[in-house]
Amino acid sequence: MCSGWLFAPASRLSITSIIGCGRDRQISLLYPQRLELCETVACSGHCAVSLLSCSCIHLLHHQSNSPRYNCCIDQLRHRSHSLQCDGTLHGLYNCRTSLQRDGCMDVWLHCLLVVGGVCGVEEVPVAKGTMARMSPLVDVRYLQRHLHQLAVLDVSWHMPTSQRDARNEFRQQRVPKAAFFDVDGVVDRRSQLPHMLPPPSAFRAAMESLPCHRADAHYVVYDAVGVFSAPRMWWTCQVMDYPHVSVLDGGLPAYKKMGGKLDTQPQVDYDMEEHVQKAMEAQARDTGWKGVVHPRLARLEDVQNAMERNDVQYIDARSRPRFAGDVPEPRPGLRRGHVPGSINVPFEDMLQADGTYKSTQELKRVFEEAGVDMDKSIIVGCGTGVTACIVALGLEVLGHPRVAVYDGSWTEWASREDTPIVQGSA
């Protein structure tokens with residue numbers, strides 16, 4: 001994905017951009033004296049790790065107090081029951097064999113990158129071909145630095161009551177080279193519920209028709225609100241096997257605040273409706289499709305089963321008044337209240353005043369204070385499955401390995417007569 005070196009001042013550690021050669025990807029950490037400290041090679045889907053120099057062994061014994069690093073350690077412990085580690089990078093290195101056996105090398109590599117970040121490393125999402133997953137969030141500086149290498153999508157969607165037109169706003173101003181993707185247009189056309197996931201064939205047809213599409217692209221998605229509909233696109237891409245997608249933290253407002261250049265030419269040099277049309281045509285051909293099955297996707301029966309189980313929690317991302325049933329639902333005809341046993345974590349609690357995500361320490365505190373048990377599997381719902389993805393992304397940032405989004409959400413649950421509902425605060 002990337003090439004070349006990024007050198008930091010001599011007082012800081014620096015990280016290379018990712019150097020690719022065929023199916024191999026190499027990540028090297030350089031100390032100020034430019035001694036190679038650690039090399040990670042992903043070849044044929046497996047990570048082989050070797051220390052090339054112990055001249056800076058004190059770094060390997062670095063015990064990080066970074067919340068992001070601690071979250072990585074927690075995730076490793078969730079996924080590898082055999083992990084015996086003191087929390088230092090040296091301890092992680094010594095555990096590499098058992099971690100590889102348990103299929104945890106992706107998180108292991110992320111720990112390396114995070115520790116690098118604690119010591120002054122410039123963190124970059126990991127390229128396709130490695131075992132590590134790409135960072136789900138990127139900031140404006142990353143977008144500006146790598147804009148020429150990225151595929152950028154404006155995935156803005158606005159509530160019908162807002163009287164805002166996402167397409168017109170895109171024509172007026174957008175990140176240079178960005179394409180528009182209609183998250184409310186590329187949907188399951190057979191469903192009466194809003195925004196429901198389309199068939200994979202329809203989603204793929206829509207993506208492939210975009211002018212920025214590349215098979216190996218790293219997509220950065222943003223919306224005009226800040227953080228609103230972009231996490232929905234991120235989640236959809238995970239379900240549709242487009243894993244190399246990141247959300248621009250703070251969206252277009254953060255980009256503009258940082259002085260990012262804008263394309264304000266009203267004429268767009270491609271057909272903005274084509275991707276929706278291609279999706280509709282693909283679904284019409286896909287007559288045998290019976291629905292998406294994926295661990296990140298929850299359906300009505302999954303929520304019903306969660307009510308009877310002690311190892312799964314249901315989080316409702318709607319506002320507290322809607323959760324309690326104190327105010328009418330925005331969509332007419334829906335009952336008020338919430339799913340019995342659910343926990344209310346309003347999506348706004350994920351965000352700071354400037355519209356960016358809170359720190360991992362603050363996010364962890366939000367979930368703890370709401371009574372969420374991070375050792376349990378989680379299903380997140382909201383009104384129509386959009387803002388639930390904001391909470392799901394917050395859990396992803398914390399490294400929770402088992403989070404699904406209820407696609408039908410409250411619109412489906414409250415429109416039925418056979419689903420139980422309770423009112424009042426939990």
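The values are calculated or read from the model by the stated rules, or taken from the named source; none is laboratory data. Worth saying up front: this structure is predicted, and the values here are computed from it rather than measured. Heads up, the Cβs are rebuilt from the backbone with ideal geometry, glycines too, and the neighbour counts pull from every protein chain shown. Remember, those area values only see protein heavy atoms, side chains included, never the ligands or the DNA or RNA. Shrake-Rupley method; radii C 1.70, N 1.55, O 1.52, S 1.80 Å.
Some points to look at:
- The accessible area of ARG331, taken with all protein chains in place and a 1.4 Å probe, comes to roughly 80 Å².
- Centroid-to-centroid separation of segment 190-256 and segment 268-332 [C-alpha atoms, Å]: 14
- Net charge over other residues, Cβ less than 11 angstrom from the Cβ of HIS294 (K, R count +1; D, E count -1): 0
- Of the residues SER319, VAL293, SER377, the one whose Cα sits farthest towards the positive end of the charge dipole of segment 287-419 is VAL293 (charges of +1 on Lys and Arg Cβ, -1 on Asp and Glu Cβ, taken about the Cα centre).
- The apolar share of the surface of segment 360-415, taken as the fraction of accessible area on carbon and sulfur atoms (1.4 Å probe, ligands and nucleic acids excluded), comes to 39 percent.
- Above-threshold pairs, the threshold being 30 Å between Cα atoms, out of LYS261/LYS358; LYS177/LYS376; LYS257/LYS278: LYS177/LYS376; LYS257/LYS278
- Each of ASP241, ASP184 has its accessible area taken with a 1.4 Å probe; listed largest first, they run ASP241, ASP184.
- Per-residue SASA entry for SER359, accessible area with 1.4 Å probe, Å² rounded to 10: 50
- Residues of segment 302-345: accessible area per residue with a 1.4 Å probe, Å²: 49
- Extension gain for ARG189-CYS212 works out to 5.8 nm (0.36 nm per residue, less the C-alpha to C-alpha distance).
- Against the criterion of solvent-accessible heavy-atom surface with a 1.4 angstrom probe, SER342, SER162 sort, most first, into SER162, SER342.
- Accessible area expressed per residue, segment 193-253, with surrounding protein chains retained (probe 1.4 Å, Å²): 25
- THR411 sits among other residues whose Cβ lies under 15 Å from its own Cβ, and their net charge, with Lys and Arg +1 and Asp and Glu -1, is +1.
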